């Protein structure tokens, strides 16, 4: 099973940017956590991060033909306004889960709306970095069900 983990703008600054909201762990630690959980589940993961909307769209489009069986995406602030990212996600039929480290519904009003969630199979918010483990488990079940 091959799963793409995508992280958008500023996720590379985990541990630096607003640690009171996003925690003390850095991005390298998150990647290690994801790889460990994926190993336990027998999943191959490709972890991709970019601060550039077009790069994220290009990677989603590549997933259409590169054997990716599911996408777990934290679009960062692009969640709330990127119709281009939304359209890229909606253009491929593989399972998709949107994830957010913080509970976006308890934060500023503009974070309450996601333009990308409606084209994903589900959304996980507010569980910190543990949400990635939850997303991997959920994605594994979704992919297995579709086989």
Restricting attention to region 73-89, which residues are in contact with a strand residue (DSSP E or B) (Cβ under 9 Å, 6 or more places away or on another chain) and either over 17 Å from residue 22 (Cβ atoms) or modelled with pLDDT under 95 (or both)?
-> 76, 79, 85, 89
crowded, with 18+ Cβ neighbours inside 10 Å and part of a loop (DSSP other than H, G, I, E, B) - does that describe any residue in region 127-145?
-> no
Only one residue in 39, 70, 76, 122 is touching a residue at least 40 places away in the same chain (Cβ under 8 Å) and under 23 Å from residue 145 (Cα atoms), so which one is that?
-> 70
Would you please list the contacts, defined by Cβ atoms under 6 Å and residues six or more apart or on different chains, that run from a residue in region 93-104 that is on the phi < 0 side of the Ramachandran plot to a residue that is assigned to a loop (DSSP other than H, G, I, E, B) and surrounded by fewer than 20 Cβ atoms within 10 Å (Cβ to Cβ)?
-> 95/121; 96/121; 101/128; 103/126
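Tell me whether region 105-113 contains one or more residues that are buried (at least 16 other Cβ atoms within 10 Å of the Cβ) and within 15 Å of residue 76 (Cβ to Cβ). Can you show your working first?
Taking region 105-113 and keeping what is buried (at least 16 other Cβ atoms within 10 Å of the Cβ), we get 111.
Within this subset, residues satisfying the condition of being within 15 Å of residue 76 (Cβ to Cβ) are 111.
Checking region 105-113: at least one residue is buried (at least 16 other Cβ atoms within 10 Å of the Cβ) and within 15 Å of residue 76 (Cβ to Cβ).
The values are calculated or read from the model by the stated rules, or taken from the named source; none is laboratory data. Source: prediction; values computed, not measured. Heads up, the Cβs are rebuilt from the backbone with ideal geometry, glycines too, and the neighbour counts pull from every protein chain shown.
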